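The values are calculated or read from the model by the stated rules, or taken from the named source; none is laboratory data. From a predicted model like this one, the values you see are computed outputs, not experimental measurements. Because the Cβ atoms are built from the backbone with ideal geometry, glycine has one as well, and the counts that use them run over all protein chains shown. SASA here: full protein model, heavy atoms, side chains in, ligands and nucleic acids out. Shrake-Rupley method; radii C 1.70, N 1.55, O 1.52, S 1.80 Å.
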Amino acid sequence: MTTPRAQSSHGSLAMRVSRNTIIGNFVLTAFKLAAGILAHSSAMVSDAIHSASDVFSTLIVMVGIRISGKKADGNHRYGHERLEAVAAILLAVVLAATGVFIGYSGVRSILAANYGGLQVPGVLALVAAIVSIAAKEGMFWYTRRAADKIHSAALMADAWHHRSDALSSVGSLVGIAGAQLGLPILDPIASLVICLFILKASYDIFMSAVRQLVDQSADPEVESAMAETIQAQDGVLRLDLLRTRQFGSRLYVDVEISADGNQSLASAHEIADRVHDQIEADFPAVKHCMVHVNPISLP
């Protein structure tokens, strides 16, 4: 079972990662916005707005992780882990709204082309796109490693938010380069491509969070590994039932095993304890494992 000290360490890691990415996004947003305005690139301005939304989304993640790490209380006897999934849903909504705004801006710029409203972006916008791709991809891997380490759905959602920003910068790079080659309409078209990337990322984040709120089972591979662990314990004669359900980023596990019915209650209890302890030791995402012992009469 994850100890209070481990939970505190996980929360500290998540907060440190989030603070660092907020600082990085502030700097990146200012640079991209200035580059977009000075170089007359609607795609880069849209990209800057996306980076700005990353700051807000990371704040949502920080609040969600802090609340989800609270100890169980009288009104929440199973803890608060599901609030992390709620934070991920809020992040998905913010991300989708950002995508719609960027798409709307791109359509307006395309319509303005009929009136000579488009300008060819400058080289500064191209440099900003390259810097953004490198910075956001770095933030993605930095945040993802931390999310994998502490099994945080909200932090993983934030990582994919960074990846969507990197992909949008790739769209900006293509659009800006195309505009400089004589096709200025490619710049706002790139904004539409960015919009699609963002909407796809928001959908994936939303569905992942919903699955954590509806008691979905663990992956079949995880359950198969659990079954092997249970059957390998001394005294377990048969695995009768294995059920798992997600609780935020954690798992609850219900197990029924068969054991020798002629042994003492204390011996049967020791077998159940071995199964319980091994499951929680081998699978860090498990919040609690309940083991029930069924008696079998042996000859």
Go through (1) modelled with pLDDT under 75; (2) surrounded by fewer than 23 Cβ atoms within 10 Å (Cβ to Cβ); (3) assigned to a helix (DSSP H, G or I) for Lys70 and report which single condition fails. (3)
With the structure loaded, tell me whether Val170 is among the β-branched types (Val, Ile, Thr) and free of Cβ contacts under 8 Å to residues at least 24 places away in the same chain or whether it fails that test. no
Considering only segment 210-221, state which residues are open to solvent by 50 Å² or more (accessible area, probe 1.4 Å) and part of a helix (DSSP H, G or I). Arg211, Leu213, Pro220, Glu221
Checking Arg250 against (1) under 30 Å from Leu83 (Cα atoms); (2) surrounded by fewer than 17 Cβ atoms within 10 Å (Cβ to Cβ); (3) among the basic types (Lys, Arg), which single condition isn't satisfied? (2)
Do we find that Asp47 is touching a Lys or Arg at 6+ places or on another chain (Cβ under 6 Å), of a type in the set (Asp, Glu) and at pLDDT 75 or above in this structure? yes
Val170: touching a Cys at 6+ places or on another chain (Cβ under 7 Å) and surrounded by 15 or more Cβ atoms within 10 Å (Cβ to Cβ), yes or no? no
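Out of segment 88-109, which residues are aliphatic (A, V, I, L, M) and either closer than 13 Å to Ser202 by Cα or open to solvent by 30 Å² or more (accessible area, probe 1.4 Å) (or both)?
Within segment 88-109, Ala88, Ile89, Leu90, Leu91, Ala92, Val93, Val94, Leu95, Ala96, Ala97, Val100, Val107 qualify.
Report whether or not Asp215 is touching a Phe, Trp or Tyr at 6+ places or on another chain (Cβ under 9 Å) and of a type in the set (Asp, Glu).
Values: touching a Phe, Trp or Tyr at 6+ places or on another chain (Cβ under 9 Å): yes; of a type in the set (Asp, Glu): yes.
Considered against the rule, which asks whether it is touching a Phe, Trp or Tyr at 6+ places or on another chain (Cβ under 9 Å) and of a type in the set (Asp, Glu), Asp215 comes out as yes.
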Qualifying positions in segment 73-110 - at pLDDT 80 or above and among the hydroxyl-bearing types (Ser, Thr, Tyr): Tyr104
Given the conditions (1) open to solvent by 20 Å² or more (accessible area, probe 1.4 Å); (2) in contact with a helix residue (DSSP H, G or I) (Cβ under 8 Å, 6 or more places away or on another chain), which single one is not true for Ile296? (2)
Those residues of segment 225-246 that are open to solvent by less than 20 Å² (accessible area, probe 1.4 Å), not in a helix (DSSP H, G or I) and not β-branched (Val, Ile, Thr) come to a total of 0
Criterion first (small (Gly, Ala, Ser), closer than 14 Å to Phe197 by Cα and assigned to a helix (DSSP H, G or I)) does Gly178 satisfy it? no
Six or more apart or on different chains, Cβ atoms under 7 Å: show the pairs whose first residue is in segment 265-282 and farther than 20 Å from Tyr252 by Cα and whose second is surrounded by 12 or more Cβ atoms within 10 Å (Cβ to Cβ). Ala268/Ala259; Ala268/Val293
Taking interchain pairs and intrachain pairs at least six residues apart, which have beta carbon atoms under 7 angstrom, with the first residue in segment 132-155 and open to solvent by less than 40 Å² (accessible area, probe 1.4 Å) and the second assigned to a loop (DSSP other than H, G, I, E, B)? Ser152/Ser249; Ala153/Gly248; Ala153/Ser249
Output the residues belonging to segment 16-44 that are open to solvent by less than 20 Å² (accessible area, probe 1.4 Å) and either in contact with a Phe, Trp or Tyr (Cβ under 6 Å, 6 or more places away or on another chain) or at pLDDT below 85 (or both). Ser41, Ala43, Met44
Quick one: how many residues across segment 45-54 are open to solvent by less than 20 Å² (accessible area, probe 1.4 Å) and either farther than 26 Å from Ser109 by Cβ or in contact with a Ser or Thr (Cβ under 7 Å, 6 or more places away or on another chain) (or both)? 6
Being farther than 30 Å from Ile130 by Cβ, of a type in the set (Val, Ile, Thr), touching a helix residue (DSSP H, G or I) at 6+ places or on another chain (Cβ under 6 Å) and modelled with pLDDT of 80 or more: is that true of Ile257 here? no
